[in-house]
Amino acid sequence: MAKLFSNELKAIVVPEDFLENPKNVLKENCLVVQHFDYQAEHKRNSAGEVYGPTEPVMLKFTIRVNSPRHARVFYSNLLSNAHSNYSFLFNATFNSYQRLADYEDGMVVNGYVLSVEENYSATRSITGEEEQILLDVTILTRSVTYMGREEQNNYKTIFIQ
């Protein structure tokens, strides 16, 4: 029996820099993140300030793809060998027009797609069999911009390169 993966929007990824136009993110373009993993390490001086070069960071994530057109973005970025932006948003909410209304925190990752792997599974539901496509994506990051609430409704951005 195939495992049913989450369709909840606890974490989503949008293959663009949503900071350029945050209120224009459509729900249909958001992909549900099943899992993501990365480790960023920085050297700090005695005052706690970051110094020196950052080690290359590999970001790995698994997303549920609703249609093959959503997967096409990752394959074209893989073939282009150019860096691209990916926005990860946590606990996002959408308005009645299905556009981004709010989010708890997030990050915009700029980097190179190193690999894309597909996994297929099928589940049985009341309406019949439903196919699910999972993409495992690995990105070599150039920069990460963190966004989160410092206080109520005040967002703080931290840029790490």
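Of everything in region 1-54 that is loosely packed, with under 10 Cβ neighbours inside 10 Å and of a type in the set (A, V, I, L, M), the residue that is modelled with the highest pLDDT is 47. Within region 90-118, if we keep just the residues that are exposed (fewer than 11 other Cβ atoms within 10 Å of the Cβ) and more than 17 Å from the chain's Cα centre (by Cα), the residue that is nearest to residue 29 (Cα to Cα) turns out to be 97. Considering only residues in region 62-89 that are at pLDDT below 90 and surrounded by 12 or more Cβ atoms within 10 Å (Cβ to Cβ), the one that is nearest to residue 34 (Cα to Cα) turns out to be 64.
The values are calculated or read from the model by the stated rules, or taken from the named source; none is laboratory data. These figures come from a predicted structure and were not determined experimentally. For neighbour counting, all protein chains shown are included, and Cβ atoms are generated from backbone atoms with ideal geometry for every residue, glycine included.
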